[in-house]
Ligand code: KG4
Ligand code: ZN
């Protein structure tokens with residue numbers, strides 16, 4: 001079964017054809033990173049406009065790269081939640097229109113759940129039960145999957161998502177957007193023990209919190225720069241040199257990763273999953289991969305980095321597994337749900 005996946009929930013316009021949920025036949029990603037970099041973050045209206053401009057060419061390219069015609073496509077899967085409302089509308093409207101015009105079954109999928117399916121693409125599929133650490137720009141959660149579509153959220157962030165914390169800290173210390181890859185790169189030449197930041201203590205065993213860590217970095221940067229706590233965070237970057245930036249990046253990254261790994265290791269001990277996967281943009285972080293592998297006593301197969309950040313192959317893969325047990329949606333009825341939790345859908 002060949003599924004065309006469409007993804008437009010944030011700042012990537014993507015389309016991909018995947019066979020039987022596992023084999024990628026094409027994977028087209030049009031990133032808006034350069035467009036938003038000048039603003040230091042994603043501007044929703046600009047994102048929606050850019051999706052409109054490229055969605056049709058991106059979908060056409062996914063078909064031509066796969067060497068397929070519409071007749072060869074068995075179904076369409078599209079991200080309908082969560083994300084930026086204007087961005088979600090472009091992808092879902094394209095998918096709904098094509099489902100009607102080309103007479104294809106339509107499977108709306110949840111973006112965060114789809115991130116987990118990056119791990120089903122290719123040779124090594126994980127085995128259920130699966131413990132998934134989902135870490136993206138908008139979400140940080142630990143989820144226990146008994147089977148496809150059958151899962152419990154064990155814990156989640158109580159405030160900022162981990163990717164958001166990477167992006168905000170990068171801004172404070174003057175590293176370019178997106179902050180995750182910039183911090184990971186700067187950290188390579190920094191001392192991870194240069195600054196001591198606190199780990200949040202929370203009542204929920206598997207919950208996270210990153211806003212205190214971000215504030216601790218802000219205060220430490222102010223101290224290092226010799227200014228008081230009222231000094232605006234936007235003016236701090238120019239008071240640091242590259243060595244200080246690298247030390248802040250490495251020290252922040254160490255605590256952020258230890259927090260994620262501590263909670264994942266506890267869930268591993270408590271739930272004894274057969275496989276552990278990480279998913280979402282922050283799963284691209286090689287330090288996180290290394291430390292998680294060193295801590296968890298089973299082999300972890302990581303998805304390639306280009307499938308960790310937003311893409312449509314993961315959407316097509318989840319669409320395939322949903323198509324095995326769910327009825328398709330009525331394309332005239334599909335709505336976008338910008339803040340829908342994975343627990344509720
Ligand atoms: O999953 P994603 O592409 O979009 C969302 O659904 O949010 O995740 C984007 C997030 C951004 O916060 C970005 O800074 C972070 O993933 N990220 C990383 C790395 N690559 C991307 N964070 C840490 N290390 C990386 N190498
Ligand atoms: Zn994402």
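Where a number appears in this text, it was derived from the coordinates with a stated rule and is not lab data. Keep in mind that what you see is a predicted model, and the values were worked out from it rather than measured. Every residue, glycine among them, receives a Cβ derived from its backbone with ideal geometry; neighbour counts consider all protein chains shown.
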Helix 162-173 axis, angle to the chain major axis (alpha carbon atoms, nearest 10°): 50 degrees
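Considering Cα pairs under 8 angstrom that are at least six residues apart, work out the relative contact order of region 47-190 and quote it in whole percent.
Numbers: 173 pairs, mean separation 19.2, N = 144.
Relative CO of region 47-190 lands at 13 percent.
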Choice from 234, 97, 13 with maximal GNM fluctuation in the chain (Cα, 10 Å cutoff): 234
Cα extents of region 1-71 along the three principal axes, largest first (Å): 41, 21, 15
Rounded tilt (10° steps) of 242-271 against the dominant C-alpha axis of the chain: 60 degrees
GNM flexibility winner over the chain from 324, 244, 222 (Cα, springs under 10 Å): 324
Label point distance in nm, residue 52-residue 1, each placed 7 Å from Cα along Cα→Cβ: 3.4 nm
Projected-area average for region 105-207 over all orientations - Cα convex hull basis, square nanometres: 9.5 nm²
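Please work out how much length the chain gains when fully extended from residue 60 to residue 298, using 0.36 nm per residue of separation minus the C-alpha to C-alpha distance, in nm with one decimal.
Working: separation 238, 0.36 × 238 = 85.68 nm, distance 4.09 nm.
Stretched out fully, the residue 60 to residue 298 stretch lengthens by 81.6 nm.
What is the chain's relative contact order, in percent, from Cα pairs under 8 angstrom and six or more apart in sequence?
Working: 762 pairs, mean separation 90.6, N = 345.
It comes to 26 percent, rounded to a whole number.
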Compactness relative to 2.2 N^0.38 Å, alpha carbon Rg of region 1-129: 1.04
For region 145-164 and region 252-311, distance of Cα centres in Å: 13 Å
Stretchable slack from residue 229 to residue 147, in nm (0.36 nm times residue separation minus alpha-carbon distance): 24.6 nm
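For region 179-310, what percent of Cα pairs sit more than 24 Å apart?
On the way: 3114 of 8646 pairs.
Roughly 36 percent, once rounded to a whole number.
Restricting to the chain, what percent of DSSP beta bridges are antiparallel, rounded to 5? Kindly include the intermediate steps, with their values, before the conclusion.
Working: 27 of 42 bridges.
Around 65 percent of the beta bridges assigned by DSSP in the chain are antiparallel ones.
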Relative contact order of region 130-302, pairs being alpha-carbon contacts under 8 Å that are 6 or more residues apart, as %: 30 percent
Degrees separating the helix 211-225 axis from the principal Cα axis of the chain, which is the longest one: 40 degrees
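Applying 1/(1 + (r/R0)^6) with R0 = 45 Å to the Cβ-Cβ distance of residue 327 and residue 258, what FRET efficiency is obtained, to the nearest 0.05? Intermediate results must be reported in sequence, preceding the final value.
Numbers: r = 44 Å, r/R0 = 0.97.
The calculated FRET efficiency here is 0.55.
Roughly what percent of Cα-Cα pairs across the chain reach past 40 Å?
Details: 7708 of 59340 pairs.
The answer is 13 percent, as a whole percent.
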Candidates 96, 146, 223, ranked by Gaussian network fluctuation over the chain, Cα under 10 Å, top entry: 223
Beta bridges per DSSP with both ends in region 130-302, % antiparallel, nearest 5: 65 percent
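Can you give the helix-only mean residue ellipticity at 222 nm for the chain, where every DSSP H stretch with n ≥ 4 adds -39500 (n - 2.57) and the sum goes over all residues, rounded to the nearest 500 deg cm²/dmol? Each step should come with its number before you reach the end.
On the way: 11 runs with 141 residues, N = 345.
The helix contribution divided over the chain gives -13000 deg cm²/dmol.
Using 1/(1 + (r/R0)^6) with R0 = 41 angstrom and r between the beta carbons of residue 70 and residue 37, what's the FRET efficiency to the nearest 0.05? Please report the intermediate quantities before stating the final value.
Details: r = 36 Å, r/R0 = 0.87.
It comes out at approximately 0.70.
Give me the extension gain from residue 97 to residue 22: residue separation times 0.36 nm, minus the current Cα-Cα distance, reported in nm with one decimal.
Working: separation 75, 0.36 × 75 = 27.00 nm, distance 2.59 nm.
So the extension gain works out to 24.4 nm.
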